[in-house]
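Beneath this line is the structure, given in structure tokens, with notes to follow.
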Amino acid sequence: MSTRSNEWSVPETELFTQIRETLDAASEAVLATVVDVEGSAYRRPGAKMLLEPDGGGAGSITAGCLEDEVRKLANDVLEAGEPRIETWDLTGDNDVWGMGVGCNGVITVLLEPLDESFRPVAAARERGENIGVVTTLDGDLPVGTRAVYRPGSGFDDDAFPAWFRSELTETVERFVEHGTSDTLHVKHADETVEVFIDGVRASPELVVFGSGHDVQSVVELAKLVDFRVTVVAFRGGQANSDRFPRADDVVSASPRDVGAIRKWSNDNYAVVMTHNFVDDQLTLLELLETAVPYIGLMGPGKRFDEMLEDFDEEGITISEDDRDRIFTPIGLSLGGDTPYQIAFSIVAELLAVSNDRTPQHLSRRAGPIHERREVATE
């Protein structure tokens with residue numbers, strides 16, 4: 001039995017790690033997953049929570065509105081050894097738990113004993129692999145029947161009949177592409193199957209160029225919001241994992257080697273904070289040759305203007321499209337100037353770009369806080 005305490009606010013990456021560790025230890029636990037939401041809710045479909053019989057666990061599915069109730073049901077699920085689906089309607093005027101709740105929607109949760117069928121999901125998440133997970137909620141197949149879909153190669157096994165896999169392939173592809181999760185009804189002949197499709201995407205990667213003390217706060221905050229973080233030091237002696245213990249990786253390179261550090265993609269984000277004008281110039285040029293959608297450059301606007309003047313003298317032209325990828329001065333205008341305040345502004349900007357959002361006060365946002373992306377099946 002686990003001795004870990006409740007860790008409800010851990011990043012998703014750590015939640016999946018704890019799921020894998022629980023499986024490795026063959027410990028009893030229940031996995032609770034939000035499979036449907038109507039109206040407003042703190043978390044959207046796909047949110048997960050690990051519940052252990054000794055009171056430990058990790059993750060959250062609401063802001064505390066349902067956690068105690070879910071925990072009681074989890075004990076029943078463990079005792080029965082079978083999945084269970086529960087729906088809570090929090091839209092009424094009646095105050096069920098004796099206090100106001102923060103949600104105002106209908107929330108449906110799948111509670112299931114954690115078993116080996118979820119191991120491929122946890123393993124893929126830790127490997128940085130994007131996958132689709134299809135779990136039955138109603139129909140001829142038992143509740144909780146699960147299959148993993150890998151883009152480009154299809155379903156892992158034949159847990160579902162051939163017609164079912166064929167019917168879902170294009171839909172699951174889209175769910176994985178957009179990182180969408182939702183409950184759908186799949187119809188075939190006279191049969192209807194209710195399934196939860198979970199597009200599980202790997203965490204985006206942030207690569208921070210620099211080895212100064214201010215790098216540590218950026219690394220720490222980026223990890224808390226679920227970025228995988230690599231620190232690149234241009235001075236070999238500074239490329240020490242003990243110096244940046246929260247980073248996933250610490251490497252040594254030269255600015256001209258930046259393009260060869262990895263296979264860059266639009267899931268990579270870069271922050272350049274070497275505080276060395278020449279290193280920053282060379283790093284910027286290398287990054288512009290990649291598909292990175294965000295290049296945050298530390299320093300005032302005047303410093304960047306000087307870079308552009310140098311580039312112009314060398315006959316190097318920065319296109320408008322490339323200019324749109326360069327964010328300098330880096331970060332959002334939050335008014336702080338301490339290392340953590342600056343790091344907050346940088347990571348907040350990163351989140352906005354990676355989530356395709358324009359930063360604004362939520363009080364001035366029209367429509368729902370969470371994006372409603374419709375990905376329907378035929």
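The values are calculated or read from the model by the stated rules, or taken from the named source; none is laboratory data. Just so you know, these numbers come straight off a predicted model, no measurement behind them. Glycine also receives a Cβ, built like all others from the backbone with ideal geometry; neighbour counts cover every protein chain displayed.
A few comments on the model shown:
- The sole residue among 215, 172 that is modelled with pLDDT of 90 or more, crowded, with 19+ Cβ neighbours inside 10 Å and under 17 Å from residue 132 (Cβ atoms) is 172.
- Here the strands (runs of 3 or more DSSP E) wholly within the stretch 240-307 that include at least 2 residues being touching a residue at least 40 places away in the same chain (Cβ under 8 Å) are 268-272.
- Among the residues here, residue 280 qualifies as in the same structural domain as residue 330 (by TED's automatic domain parsing) and either farther than 26 Å from residue 357 by Cβ or of a type in the set (Lys, Arg) (or both).
- The one condition in (1) at pLDDT below 95; (2) touching a Phe, Trp or Tyr at 6+ places or on another chain (Cβ under 7 Å) that residue 272 fails to fulfil: (1)
- Some residue of the stretch 233-247 being in the same structural domain as residue 348 (by TED's automatic domain parsing), closer than 26 Å to residue 332 by Cα, touching a Gly at 6+ places or on another chain (Cβ under 8 Å) and not charged (D, E, K, R): yes
- Condition check for residue 338: over 24 Å from residue 41 (Cα atoms) and either in the same structural domain as residue 171 (by TED's automatic domain parsing) or at pLDDT below 95 (or both): yes
- Strands (runs of 3 or more DSSP E) within the stretch 174-231 that include 2 or more residues under 27 Å from residue 259 (Cβ atoms): 205-209
- Some residue of the stretch 125-133 being in contact with a His (Cβ under 7 Å, 6 or more places away or on another chain) and among the polar types (S, T, N, Q): no
- Subset of the stretch 257-284 (residues that are hydrophobic (A, V, I, L, M, F, W, C) and surrounded by 14 or more Cβ atoms within 10 Å (Cβ to Cβ)): 258, 261, 264, 270, 271, 272, 273, 282, 284
- Subset tally (residues that are assigned to a helix (DSSP H, G or I) and of a type in the set (Gly, Ala, Ser)) for the stretch 153-173: 2
- Any hit, the stretch 57-76, residues being surrounded by 18 or more Cβ atoms within 10 Å (Cβ to Cβ) and polar (S, T, N, Q): yes
- For the condition part of a loop (DSSP other than H, G, I, E, B) and either at positive phi or modelled with pLDDT under 95 (or both), residue 105 does not qualify.
- Residues that are touching a residue at least 60 places away in the same chain (Cβ under 8 Å) and either in contact with a Leu (Cβ under 6 Å, 6 or more places away or on another chain) or within 14 Å of residue 287 (Cα to Cα) (or both) within the stretch 315-350 comprise 343, 347, listed in sequence order.
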